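Trainee: I have a structure here, written as structure tokens, and I will follow up with some questions on it.
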Amino acid sequence: MAALCESFTLCGLGPSSGVGLGGGLLALEPGPDPDHVLLTDRGRTATLFKVSDQKPLGCWSVKHGQIITCPVVCNFETHEYIAVHDDKVLRIWKNKDINLDKVFKATLSADVYRIHSLPNGGPVVLFKGGGVRTLDVLLEAPQQEIENIISDEVIKWSEAFMEGQQPVLIFATEKDGDFFVYVQKLKLNSLCKYKLEQQELSKPLSFTAYIKNQIITLLCLYSSDSVYKVLIPLRQNSEEEEQILSRSLLLNLSVSGSVLKGTSFVVLDKDHIAVLGSLAASGEDSKECLTIWNTKFQTLQTSKELPLGTSGQLWCYEEKFFFTHGKVLTVIMYKCETSSLAAAVGKLKDSQTPDVSSFVNWNTLGDEELVVSFQSQQSVALKSESKMTLRSKRNTVAKVQPDTLSVGQLLLNLKDASTTVFEDELRQFISKAQMPDLQASIGCVITALINRCKTNPKYYPRNFLLHIVQTRDLSYSLCPDLMAVALEKKDVHLLQICLQRFPDIPEEMTYACLKLFLSISESYLQRIDVNLESVICYIDIEFNNKEVKTEIVENGFNAELEQDIWDTKFTKETYLRADGEFCPVGPQKAALLNAILHSAYSETFLLPHLKNLPAQQAVLFLRYLYYLYVKCSEKINTTLPGVRSPTISQIMDWMCLLLDAHFTVMVMLPEAKELLSNLHKFVRAQVRFYSELNKIEGSLRELQRLNHQKDSQTYSIEVLELI
């Protein structure tokens, strides 16, 4: 199984992107660290990016009038960067260098096609005439003569590998419609030339290759919408005459009448490839998309539509795809699981292999496929009987006992059943404790309920869905459409429970829930059932909506006594008073926001979505976070009472996130100015308070030590002076 996961924008590509990539992207290469990539634009600039932070670590440009003519690469042994501009001028520099005019420069005697950097073999330079040199050999005499091997042929693609301790370079050329493949073993100075078998009315568009057990596997994407495989043994006599390489069909890029017009592709593992191209069905407009195919079973595993268009380039490093989408460079993470039919239907027995059934998109399965996916492990006779039942009673509710049916069969039989019968049968089905593939079956039940909601907008089994989520250990990936439908129906209670129980909610969905919770009115929420257990112990709202403090102040903290310390002016508009703090939201909305604070997230993926939060909603959320922050500071252990109450760390993390996403906007908003000022003063006062505590830390430790040394048998009073 293969699945596309989270996506995010690495950088912009337009003139206003600020990273020098206005001319479009020439290539993307791995950087000195697995989290780094090198971007080379079609002009003068190379930029080093840290992928997880989406920020540039360095940017270097050649002078005006000069052009970088091949991708910049990193020398993994020396951590230096190597570039070629104007075809022949070689530049080498390090991170600390700023001006490329002052770094190492060498003018070569021939035009460079590409530099390949190998982790354990150093950089290898391929010239446009087919000559190959290692960088070390080239730097010994930059003006050495470079042989011309390919005469009138034009290099279309190249790649380099390490086979043991030996660098191997392969490149493909074209001349008058014929394609040739060269394999160069550098240490042995061995060069083999091959000719690709011709195909009428079709030619190679893209190449990729990998090496294993002394055999190079060359994959070719042809204009006939097919991928072919060519095997090239390394142990070949270089003196033999030119050989013709035979091809074998690996994959046809067509599914359900649609054909993928691929532009580039990459190998993911021995059974999966990713193809970027345009998917076109007869009579419909083509749509650009990224797809993952299983070459073992000849199936399309997953795809993602790219409506803004791409440049046709695709790169893959560290289980991440990189490609241009519109005017930005997009990153999509992916997963590839064990390629087997058992994995595809969630029957894999290996306990160390993740449950791949969570990646199955049940909405894409037809009726018959649904039955096959959940076929129970029963006898052949029972299977035959079940199939006969389906054929004869497809449009009626089966009269077979529920325990003899798999979930797929049950859903087929209930396809046209009434709502009451439909829900009753499903309730009875999921109540069975000893059910094989329990989670996958329940996920399929939820998907069936959601699909009925989509076909009948008036139908929404809120209580049934809520019961399933509250009583079963589910995940977002098992029922991905559930929260989307709950958002559409504004079912905030179900969303609250999902946020509390699902461990794998995407950041995009978390943001959508936050936006809904902040935008929905308090009057609407007062009429809705919401779980208030996370707020009931520190917020008590009377019917006039004024907060009443019900807790005992600990550690001698009192807002009136601390007024001078905080040095803050409180007004009605700030939601804070000297005699007690007012919560800016009602208890229902506070409970919903607490569920957001408890949800797991990655700052890298959440921050881009959080920047789209409307300014007024961002201010309201910050007010609530500030309120929680003050509440936590009242407690000696900085912990709010109650069940599932936010922790001080969660509050601080979300405050930092929100300020990172909206600081400029908040500074400009009049209603946020005093809030930011109060927050700044409150934090400053706390820093001052803890600084004073640190000063007496030594004295307190000494006091503790003295108390341990004395063993007073009688009552006594001691006065210790802290100096």
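The values are calculated or read from the model by the stated rules, or taken from the named source; none is laboratory data. None of these values were measured; they are calculated from a predicted model. All Cβ positions, even for glycine, are placed from backbone atoms using ideal geometry, and neighbour counts span all protein chains on display. Note: accessible area is taken over every heavy atom of the protein model, side chains too, but ligands, DNA and RNA are not part of it. Shrake-Rupley method; radii C 1.70, N 1.55, O 1.52, S 1.80 Å.
Trainee: Using a cut-off of 12 Å between beta-carbons, work out the net charge of the residues near residue 320 (Lys and Arg +1, Asp and Glu -1, residue 320 not included).
Mentor: -3
Trainee: For residue 58, enumerate residues with amide H under 5 Å from its amide H, sequence gap 5+ or separate chain, H modeled in the peptide plane.
Mentor: Excluding prolines and chain starts, which carry no amide H, the hits are 48.
Trainee: Now for a different question. Report, by chain and number, residues whose modeled amide H sits under 5 Å from the one on residue 75, excluding near sequence neighbours (fewer than 5 apart, same chain).
Mentor: 80, 81, 82
Trainee: While we're looking at this one, here's another question. In whole Hz and in residue order, list the ³J(HN,Hα) couplings for region 154-161 that follow from phi through the Karplus curve 6.51 cos²θ - 1.76 cosθ + 1.60, θ = phi - 60°; x for Gly and Pro.
Mentor: So the Karplus estimates, Gly and Pro as x, are 10, 6, 9, 6, 8, 7, 10, 9 Hz.
Trainee: Under 1.5 on a/c is rounded, so check that first for region 23-149, then, if it is not, pick prolate when a/b is larger than b/c and oblate when it is not; a ≥ b ≥ c are the square roots of the alpha carbon gyration tensor eigenvalues.
Mentor: Prolate shape, in that a/c is at least 1.5 and a/b is the bigger ratio.
Trainee: Then there's this: Let me make sure I get this right: for region 251-326, a, b and c are the square roots of the gyration tensor eigenvalues over alpha carbons, sorted descending. Under 1.5 in a/c it's rounded, otherwise prolate if a/b > b/c, else oblate. Which is it?
Mentor: Note, shape of region 251-326 comes out oblate.
Trainee: Under the rule of at least 5 residues apart or a separate chain, name every residue whose amide H is placed under 5 Å from the amide H of residue 2.
Mentor: Correct list: 337.
Trainee: Mind listing the phi-derived Karplus ³J(HN,Hα) values for region 205-222, rounded to whole Hz, using 6.51, -1.76 and 1.60 with θ = phi - 60°, and x for any glycine or proline?
Mentor: 9, 8, 10, 8, 7, 8, 10, 7, 6, 6, 10, 8, 9, 9, 9, 10, 8, 9
Trainee: Got a number for carbon plus sulfur as a percent of region 212-328's accessible area, 1.4 Å probe?
Mentor: Roughly 45 percent, rounded to a whole number.
Trainee: Next up: From largest accessible area down, sort 42, 705, 247; use a 1.4 Å probe on the protein chains.
Mentor: 42, 705, 247
Trainee: Suppose we take every Cα in region 150-296 and form the convex hull; what volume per residue is that in Å³?
Mentor: Dividing the Cα hull volume of region 150-296 by its residues yields 120 Å³.
Trainee: A further question on this structure: Over region 131-209, one equal point on each Cα, no solvent: what is log10 I(q)/I(0) by the Debye formula at q = 0.12, 0.16 Å⁻¹?
Mentor: Per q value, in the given order, log10 I(q)/I(0) is -0.41, -0.69.
Trainee: Please list 666, 1 in order of solvent-accessible area, largest first, computed with a 1.4 Å probe with all protein chains present.
Mentor: Per-residue accessible area, sorted high to low, gives 1, 666.
Trainee: Right, another one. Karplus couplings for region 320-330 from phi (6.51 cos²θ - 1.76 cosθ + 1.60, θ = phi - 60°), rounded to Hz, Gly and Pro as x?
Mentor: These are the phi-based 3J(HN,Hα) values: 9, 8, 10, 7, 7, 9, x, 10, 9, 9, 9 Hz.
Trainee: Can you figure out the FRET efficiency of residue 716 with residue 693, using R₀ = 22 Å and their beta-carbon distance, to the nearest 0.05?
Mentor: After rounding to 0.05, the efficiency reads 0.20.
Trainee: For a quick check of understanding: with a 1.4 angstrom probe and all protein chains in place, what accessible area in square angstrom does residue 582 have, to the nearest ten?
Mentor: Looks like 70 Å² after rounding.
Trainee: Hey, another quick one. Could you order the peptides 520-526, 489-495, 171-177 from most to least packed, using the average number of other C-beta atoms within 10 Å per residue?
Mentor: 489-495, 171-177, 520-526
Trainee: Using the heavy atoms of the protein chains alone and a 1.4 angstrom probe, what is the accessible area of region 23-149 per residue in square angstrom?
Mentor: 43 Å²
Trainee: Determine, for each peptide in 650-656, 447-453, 619-625, the mean count of other beta carbons within 10 angstrom over its residues, then list the peptides with the highest first.
Mentor: Result, highest mean Cβ count within 10 Å first: 619-625, 447-453, 650-656.
Trainee: Another question, then. Which value, in Å² and to the nearest 10, is the accessible area of residue 487 when all protein chains are kept and the probe is 1.4 Å?
Mentor: Result for residue 487: roughly 40 Å² accessible.
Trainee: How many Å² of accessible area per residue for region 584-638, probe 1.4 Å?
Mentor: Ligands and nucleic acids excluded, the result is 28 Å² per residue.
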